[in-house]
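Worksheet: the structure to be examined is printed underneath.
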């Protein structure tokens with residue numbers, strides 16, 4: 001994939017390229033993580049070279065980045081998996097093989113999002129939304145059934161004493177409460193289909209995540225997926 005578009009950063013137009021990241025991008029990919037998740041976030045949770053090598057070699061179609069003026073400013077990574085895996089409500093570590101995606105299933109019909117990240121200086125430019133839109137295009141191009149992921153619920157800790165995780169999600173969907181991640185995903189066309197306990201160690205989300213889905217409106221179950 002490679003496409004160009006104009007986004008607005010502090011009111012000024014900027015040309016952004018969304019493309020597949022490659023082996024020569026690995027240092028820049030790690031820099032995105034470093035800038036997006038500074039200390040006290042543990043550096044061992046940033047992407048490492050071995051993980052990135054696996055992404056690029058196993059499923060290059062699911063390895064996307066955003067570039068402005070030669071600088072990588074965001075990325076999104078995914079793998080293919082079967083319905084049985086996604087419906088088991090697995091933790092992030094199990095669903096993504098701890099980020100190494102060695103469990104990528106070329107015959108899978110669901111595209112599972114491993115990570116979405118944009119550096120702080122460009123988060124107001126809509127780049128995250130365009131990366132998600134680009135991954136929807138991958139789903140359509142490969143004739144996959146859907147895109148799915150666990151979405152953190154970082155606002156939940158404020159309401160955990162008065163609502164279950166499912167009740168919190170329901171009220172966010174109803175517009176009564178707002179969540180930085182879930183509200184964003186809803187605006188990107190994602191639909192909630194459940195709640196995952198012990199998804200990821202995340203104090204703000206109380207370790208919960210919402211299972212969020214985008215169904216491919218063009219899916220043809222009589223046609224073999226292109227990735228298989």
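Which one of 17, 6, 56 is touching a residue at least 12 places away in the same chain (Cβ under 8 Å), assigned to a strand (DSSP E or B), under 24 Å from residue 137 (Cα atoms) and touching a strand residue (DSSP E or B) at 6+ places or on another chain (Cβ under 6 Å)? Answer to the selection: 17.
Quick grid of which residues meet (1) farther than 19 Å from residue 90 by Cβ; (2) out of contact with any helix residue (DSSP H, G or I) (no Cβ under 7 Å at 6 or more places or on another chain); (3) surrounded by fewer than 20 Cβ atoms within 10 Å (Cβ to Cβ):
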{"site": "183", "(1), (2), (3)": "yes, no, yes"}
{"site": "187", "(1), (2), (3)": "yes, yes, yes"}
{"site": "191", "(1), (2), (3)": "yes, yes, yes"}
{"site": "207", "(1), (2), (3)": "no, yes, yes"}
{"site": "213", "(1), (2), (3)": "no, yes, yes"}
{"site": "216", "(1), (2), (3)": "yes, no, yes"}
{"site": "224", "(1), (2), (3)": "yes, yes, yes"}
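Would you call residue 45 at pLDDT 90 or above and either at negative phi or within 15 Å of the chain's Cα centre (by Cα) (or both)? Judged against the criteria, residue 45 is not a match. For region 61-91, the set of residues classified as out of contact with any strand residue (DSSP E or B) (no Cβ under 6 Å at 6 or more places or on another chain), within 20 Å of residue 33 (Cα to Cα) and either outside any loop (DSSP other than H, G, I, E, B) or touching a residue at least 24 places away in the same chain (Cβ under 8 Å) (or both) consists of 69, 71, listed by residue number. Filter region 37-66 down to the residues that are more than 20 Å from residue 93 (Cβ to Cβ) and touching a helix residue (DSSP H, G or I) at 6+ places or on another chain (Cβ under 7 Å), then identify the one that is surrounded by the fewest Cβ atoms within 10 Å (Cβ to Cβ). Selected residue: 61.
The values are calculated or read from the model by the stated rules, or taken from the named source; none is laboratory data. Here the structure is a predicted model, which is why all the values come from computation and not from measurement. Reconstructed Cβ throughout: ideal geometry from the backbone, glycine too, with neighbour counts over all protein chains shown.
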